[in-house]
């Protein structure tokens, strides 16, 4: 039996609209399942519920968003041994894992590609390397990445690089607050221009 049609509506359009409405309802149910209810208070991190806030360099990361992401199972792509290769799909999860559990990664070899950001007050040859984490809109995106310890003149801001190095503890002074603290940094062993690097990554990969 043919589908009943609303007068004046083209055949098939009613079904398409029904599917669109259904898809919207499913999306709302998913959001309701993962987002905190108003007034429910902040989400507690899954793996470190009572851990103190983790310091990041100025303008790197977003504490509220990172607290939420700790509730989400995301593959970090970090092997038990050997070099850590950070990809587009694992960038966000590996970034959080290394900052949250830095002690276990000191001394590990790491390779990643990203874009250079510079700041006043960094040691000669040092810079930030990372991507912009995009949730839904460009206005909500923010920079995530690592302090890179190099030598000589730092690369130009906005340059796309592939860096290989070792993770070590480094003192960092926030130019906005004057506070000094320790961050997981990458001591450069090799650096090269990178091509085809996306400036954006997503919380759960692409």
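Could you list all residues from the stretch 186-200 that are over 20 Å from residue 118 (Cβ atoms) and under 15 Å from the mean Cα position of the chain (by Cα)?
Answer for the stretch 186-200, where residues must be over 20 Å from residue 118 (Cβ atoms) and under 15 Å from the mean Cα position of the chain (by Cα): just 198.
So which residues in the stretch 140-149 are part of a loop (DSSP other than H, G, I, E, B) and modelled with pLDDT of 95 or more?
We begin by selecting, within the stretch 140-149, every residue part of a loop (DSSP other than H, G, I, E, B); these are 141.
Listed by number, the list is empty, since nothing qualifies.
Could you go through the stretch 130-148 and let me know if any residue there is farther than 22 Å from residue 192 by Cα, in contact with a helix residue (DSSP H, G or I) (Cβ under 8 Å, 6 or more places away or on another chain), buried (at least 16 other Cβ atoms within 10 Å of the Cβ) and in contact (Cβ under 8 Å) with a residue 40 or more places away in the chain.
Within the stretch 130-148 (the criterion being farther than 22 Å from residue 192 by Cα, in contact with a helix residue (DSSP H, G or I) (Cβ under 8 Å, 6 or more places away or on another chain), buried (at least 16 other Cβ atoms within 10 Å of the Cβ) and in contact (Cβ under 8 Å) with a residue 40 or more places away in the chain), the answer is yes, since at least one residue qualifies.
Checking the condition closer than 21 Å to residue 189 by Cβ, out of contact with any helix residue (DSSP H, G or I) (no Cβ under 7 Å at 6 or more places or on another chain) and not in a loop (DSSP other than H, G, I, E, B), which residue from 114, 107, 152 passes?
The conditions single out 114.
Collect the residues in the stretch 62-91 that are exposed (fewer than 15 other Cβ atoms within 10 Å of the Cβ), more than 12 Å from the chain's Cα centre (by Cα) and at pLDDT 95 or above, keeping them in residue-number order.
Scanning the stretch 62-91 gives 79, 80, 81, 82, 83.
For the stretch 158-185: of the residues being within 19 Å of the chain's Cα centre (by Cα) and outside any strand (DSSP E or B), which is farthest from residue 57 (Cα to Cα)?
159
Just need a number here: residues in the stretch 78-98 that are in contact with a strand residue (DSSP E or B) (Cβ under 6 Å, 6 or more places away or on another chain) and closer than 20 Å to residue 201 by Cα.
10
Kindly establish whether residue 102 is buried (at least 17 other Cβ atoms within 10 Å of the Cβ) and either closer than 28 Å to residue 176 by Cα or over 18 Å from the mean Cα position of the chain (by Cα) (or both).
yes
Out of (1) loosely packed, with under 13 Cβ neighbours inside 10 Å; (2) touching a strand residue (DSSP E or B) at 6+ places or on another chain (Cβ under 7 Å), what's the single condition that is false for residue 124?
(2)
Just one of (1) in contact with a helix residue (DSSP H, G or I) (Cβ under 8 Å, 6 or more places away or on another chain); (2) at pLDDT below 70 trips up residue 96, so point out which.
(2)
Here are some residues: 184, 193. Which one is under 26 Å from residue 89 (Cβ atoms), modelled with pLDDT of 95 or more and buried (at least 17 other Cβ atoms within 10 Å of the Cβ)?
184 is the lone residue from the list that is under 26 Å from residue 89 (Cβ atoms), modelled with pLDDT of 95 or more and buried (at least 17 other Cβ atoms within 10 Å of the Cβ).
Would you check which residues across the stretch 149-181 are under 21 Å from residue 88 (Cβ atoms) and surrounded by 14 or more Cβ atoms within 10 Å (Cβ to Cβ) and list them?
Hits for the stretch 149-181 are 155, 159, 160, 161, 162, 163, 164, 165, 167.
The values are calculated or read from the model by the stated rules, or taken from the named source; none is laboratory data. Everything numeric here is computed off the predicted structure, so don't read it as measured data. Every residue, glycine as well, gets a Cβ built from its backbone with ideal geometry; the counts of neighbours run over all protein chains shown.
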